[in-house]
Every structure is written in C-alpha cells, then in structure tokens.
Amino acid sequence: MNHKQLVAGLVLGAGALTAMAQTDPLRFDPSKFTNGSITMPDGQEVTYKAYEGIFYVKNVEDPTYQTLNIYVPDKMADIARVPILLRTYVGGYAASTAKSPSPSDATGRALQEGYVVCIPGSRGSNSTIERDGKTIYTGTAPNGLLDLKAAVRYLRYNDALIPGESELIFTDGTSAGGAMSSLLGATGNSKDYDKYLKKMGAADARDDVYAAICYCPITDLNHADMEYEWLYGCTNTGVRHLSEAQIAISDELAAECPAYINSLGLTEKDGTPLTADNYKDYIKSFLIESAHRALQEGCEISDTIGFTFYQDKFGPMGGGPGAGRGGMRPAGDQRPPMGDGRQAPSFGPGNAPRFNKTSDFVTGLDLDKYLGYVASVTPLKTPPAFDQMGVLIDTPSPENKVFGNDKGEAANFTDFSLRHRLHNPNAKLDKDMVERVAIMNPMNYIGSGKSDVAPNWYIRHGAKDRDTSFLVPINLATKLQNSGKNVDFALPWNRPHSGDYNLDDLFRWIASNLEK
Ligand code: DHB
C-alpha cells in the first residue's frame, strides 16, 4: 500500500496522523518506531523499522499478551503489492507474547525478502491476570484465536497507514500455532466470532486472510483421538506396549473413526470418493511420494521401515534413472538427508536410524510397519491422545487446559472422554462447550459457506511426526482441495514435529502466489 500511505501522508500530514492515533486507540501511529536489524545466516544484515507493543483491541484484558509488533524492512520488495507475514508463536495452546523477528525462521527470511512482518501475541491456556484478589485465566478457547483474528483486523483497519498489503496476509504457525494459522485461514469474516470480537473492542474490519501456512497443525481436536487410534492401533501390542485398559480405550476410539471419515465426503484429486476402506491407501500415497522425493534428493532409506523399492540393477552408482544419488551428502556428514532440500537439524545417538539403501523409486509401503518405525523414533501418546483427562489418567493435556474455565480448571471437550470420566454413558458436553469446540475447528468452516476461506494454503506435516495422526493434516488439505482452494501439501521426509523448515521452498511458494 505504499502509494496509499503516500496519499494519506500527503493529505493529512504527519501531525494529523499522530492526532488521529491519539483519538482512536486502534489507529496505527506511523511516527512511533525504533530502528533494528538482524544478521541472517548468510551474513546479510537486514535493517528494519520496528513498531512494537501495539494494543490491537480497545478493551485490553491481558496487556502482557494482547499486543502486536510490526517490522517493516528498510529495503522493501520491489513489487507492486508487498505481502505481510503474520507469524504466531503459539505452542502447546499456551499464551505467546509478541516477539521480534528471528534470523532462523520465516520472520527473518520474510524481512530479507523485503516483506512486512507482524508478530502478534495472544492469550492462551496459561495466561492469567489478578482481579479483585483472584487469579483469572484469560486465554481459554477461543480467546487465543480471537486475539489473532483481532490482530488481522488491526492490520486491515490500518491498511492505509501500515506498509504492506493487508489484502495479502500470509499467516504462519507451527503445531498449536499451525492450528491457529489454519483457523485464521478457514474462519475469515465468519459471524460466529462477531459477538466475542465486539466485546473485546476489536477493530471494525474484515479478518479473512490471503494465505495460511500451517506446519503440523494440531487441530480437528474433537476427532483427533479417534483418528490417532484408528491409525496407530496397529502398534498397540507391539512397540507401543499398551496395557489392557489402554487397548480397550484405543479400540473403542478407533471404532468411531470410519463413520467420521465417511461423513467428510472427501474425494481424491481424480474424484474417487475417499472412505474408511480406501483411506489407508490414500495415506500411503503421500508417504510414498515423500520417500520417492527423498530418494531423488539423494537420501538413503532403510529397507527395514516398510518401503519396498525398485532395485536399480546397476547399483547406486549404476546407469539407471537416479543413479549415484546416494553419494550427494558432504563427506563426514552422518545425518540422514531430509528429502525436502535441507539437512536434518540434529540427530541424537538414540534416534538416528541407519539409512542404508539407495535406489530409484519406491514400489510399495507396508503402512503398519512404517507406523511402527514412527512409534520407535518418538514414543506415541497414550489413548486418548488429546482429551485424556479423567479417562485413564488425571493429568490434563494442553487441550484439556485450553478448553478449561477462567478459574484454571481443565475440561473435557469430547463426549467420549466426558462419558468415561464421569462413568456415565449418557453424559454430553454442555451447549457452551459444544460451541467453543466447534469454533476452534477449521474443518467446520471449509466449504461451509459460513466464512471467507483463504484461497491459498501451504500445509506440511513431517513424515515421522506423531504428535497427531496423519489423518488430521490430510483431511484438512483434502477438504480445502475439494473446495477449490490452491493447496500445496506434503509430508516431508524424515521431519519430526517442527516448522519453518525448508524456507527456500516456502518462500518460492509465497512468491509464486504474488505473481498471480
Ligand atoms: C503442541 C503439541 C502437541 O502434541 C499438542 O497436543 C498440542 C500442542 C505444540 O507443540 O504446540
């Protein structure tokens, strides 16, 4: 919006802008900045203007978290419309303060590319304030999401004053932050959030976004338990070492999953209906694609983890397609390549599988064997994986905490776990909880007509990430694809539960969506 800023500046003058900011608490003040810089991994120094500690709602409840920071690079990208990367650092559904840019993630890289960066804070499961001598928990669901939506509204409300295009917001987050990014992408302008946002004094502006970048989103929480057991149940008596009581819960949850899969009405790209009967083949297709790409990039994949290969009869250095790819790693580097263009950050002695096979392409996958391998790298969660409180253990999960109340009491968010905790087969979540769970699930919005869903999506979930079932990101990506969105989805090889990796790939994707 550089031209708009110029026009606003010319028409109003700097003094008038400052006066506006003083009378309207949600008006951005372009005169209040400090200068900052970061040094990127390639040695380049990136300088920027920092606008920090900005309250993005009128009725601030929790000043520690309800602020955002904006970073504007001194060297803006030389393009007509400069995007804004909105990065949330939410993890574990906890509160997150507004942060400054980091050279090692997408925020630093975005500034280096000449893009504007916004890093909002948001309330979460552990944020508290003191009121009338009492501790109040401020960040129970959906409050963290509402904060982020209010931050989007702030950017739109101040579009004429903040450099960058508020029509080109790319949200980015990992894990619970990936879930938040998926919610920002899926729920734009939905009326379901209006009453809350109004009460908070959020800006009167749109909150749909242009693109959502979601790394390993921990979402679809009210189905995640059944999805986990349906997938990983094959390991219950093997590497997972479950007790009889745990196996009973696992089986009961898994039995609920086929009906859920069938209810989604998803189709493969060629239009084939996806059902519980062919869904595992669909999962396999993504893992095979991931392994195949890894081989092409020079990874060696063990023949003990479930994949079968076409064997190049000339061997790794022979004359067949892809020959010699096994030798691409730098000498002395013992780390297995990631297969997505970057090396793994580190591998401890306990979790470094020996990759010993180079070949040309993958011909098949024994899914159960591969899932056993994933479970051997990082022990699986025990059932129920998410709504665990009071079922077999008392400990609340991060999700139980975020669905808790303002006294800090955790809560169940599925009928299944509530029934088990209360030993009452007829127990049901109350209406308020049903609504809170529904508005925290992006799957309820995609293709529903209830919201303006972002047109562009970049979704990644590591091929050895077991924090949630593969079904969660696959269903999300497929539902978006089926509703006509532009979706770039992959299960990158050898990646654990993590995000903001392979930034070259991400920023190529961002640039490709700016040219349109
Ligand atoms: C996160 C990870 C989890 O396994 C989970 O259940 C919730 C959140 C996280 O890393 O944000």
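The values are calculated or read from the model by the stated rules, or taken from the named source; none is laboratory data. This one's a predicted model, so the numbers in the text were calculated from it and none came from an experiment. Here the Cβ positions follow ideal geometry from the backbone for every residue, glycine too, while neighbour counts run over all protein chains shown.
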Exercise for the section: Considering each residue of region 367-408, count those that are away from the ligand (no atom under 16 Å from the Cβ) and in contact with a Pro (Cβ under 8 Å, 6 or more places away or on another chain), and give that number. Expected result: 2
Exercise for the section: Could you give me the residue pairs with C-beta distances under 8 Å whose first residue belongs to region 62-90 and is free of Cβ contacts under 8 Å to residues at least 60 places away in the same chain, whose second residue is within 16 Å of the ligand (Cβ to nearest atom) and assigned to a loop (DSSP other than H, G, I, E, B) wherever it lies, and which are 6+ apart or on separate chains? Expected result: Thr67/Thr97; Thr67/Gly121; Asn69/Lys99
Problem - Residues of region 96-107 classified as buried (at least 24 other Cβ atoms within 10 Å of the Cβ) and not in a strand (DSSP E or B), total - result: 3
Exercise for the section: Considering every residue within region 361-378, establish whether at least one is over 20 Å from Ala141 (Cβ atoms), at pLDDT below 95 and hydroxyl-bearing (Ser, Thr, Tyr). Expected result: yes
Exercise for the section: All but one of (1) more than 29 Å from Asp225 (Cβ to Cβ); (2) modelled with pLDDT of 95 or more hold for Lys357, so report the exception by its number. Expected result: (2)
Fill in the blank from the handout: Screening Leu148, Leu161 for residues that are part of a helix (DSSP H, G or I) and either more than 15 Å from the ligand (Cβ to nearest atom) or closer than 30 Å to Asp504 by Cα (or both) leaves only Leu148
Exercise for the section: Would you check if there is a residue in region 40-58 being surrounded by 19 or more Cβ atoms within 10 Å (Cβ to Cβ) and within 16 Å of the ligand (Cβ to nearest atom)? Expected result: no
Handout entry: Set His461, His423: member being away from the ligand (no atom under 16 Å from the Cβ) and outside the structural domain of Tyr282 (by TED's automatic domain parsing)
Key = His423
Practice task
Kindly indicate whether Glu61 is of a type in the set (Asp, Glu), part of a strand (DSSP E or B) and away from the ligand (no atom under 16 Å from the Cβ).
Solution key: no
Practice task
Please work out which residue is farthest from the ligand (Cβ to nearest atom), limiting yourself to region 74-94 and to residues that are surrounded by 24 or more Cβ atoms within 10 Å (Cβ to Cβ) and farther than 14 Å from Gly499 by Cβ.
Solution key: Pro83
